[in-house]
Amino acid sequence: VQLQASGGGLVQPGGSLRLSCIISGNIFSINHMGWYRQVPGKQRELVALISDSGVTNYADSVKGRFTITRDNAKNTIYLQMNSLKPEDTAVYYCNTPIRASSGVWGQGTLVTVSS
């Protein structure tokens with residue numbers, strides 16, 4: 001499985017960004033997909049999770065502001081981030097929970113929220 005995250009950038013507080021993650025390879029083994037983020041010096045944290053049937057879960061810090069969706073036809077998951085705050089600044093990664101627990105990560109995308 002290969003995961004390519006993109007869509008990060010610099011945005012002002014209160015702004016929005018949409019991250020994308022294209023999934024390739026043995027996708028038939030994937031059910032849950034998640035977005036994670038990491039601030040330098042801190043542990044990586046799970047931000048949002050979506051099952052293959054579309055059930056979602058969010059970290060309390062992003063509930064009501066972030067939305068995770070998936071387009072199975074395009075093998076892509078998205079993270080719509082609204083009302084961004086400086087504390088959302090981090091490198092964002094897409095991953096499966098199984099790969100995450102095994103320490104296997106792809107390249108992330110940097111989101112910087114600053115005026």
- Item | Surface/4 estimate of mean projected area, convex hull on alpha-carbon atoms of the stretch 22-88, nm² | 5.3 nm²
- Query: If contacts are Cα pairs under 8 angstrom and at least 6 residues apart, what is the relative contact order of the chain in percent?
  - Reply: 37 percent
- Going residue by residue through the stretch 78-89, the Karplus relation 6.51 cos²θ - 1.76 cosθ + 1.60 with θ = phi - 60° gives ³J(HN,Hα) values, rounded to whole Hz and with x marking Gly or Pro, of 10, 10, 8, 10, 10, 6, 5, 10, x, 6, 7, 4
- Per the helix-only calculation at 222 nm, which mean residue ellipticity applies to the chain, given -39500 (n - 2.57) for every DSSP H run of n ≥ 4 and division by its residues, nearest 500 deg cm²/dmol? -1000 deg cm²/dmol
- Cβ-placed point charges (K, R +1; D, E -1), dipole of the stretch 64-115 about Cα centre in debye, nearest 20: 120 debye
- Item | Proximal lysines to Lys85, defined as alpha-carbon separation beneath 17 angstrom and excluding residues fewer than eight positions away on the same chain | Lys63
- Task: Let me know the Kirkwood hydrodynamic radius for the stretch 69-115, please, with Cα pairs as the basis and the value in Å to one decimal.
- Result: 12.6 Å
- Task: Using every Cα-Cα pair within the chain, state what percent have a distance larger than 21 Å.
- Result: 30 percent
- Query: Tell me, Kirkwood radius of the stretch 1-41 from alpha-carbon pair distances, in Å?
  - Reply: 12.6 Å
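Readers should treat all values here as calculations from the given coordinates under stated rules, not as data from a laboratory. Computed from a prediction, not measured in an experiment: that's the story for all the values here. Positions of Cβ are generated from backbone atoms using ideal geometry, with glycine treated the same way; all protein chains shown enter the neighbour counts.
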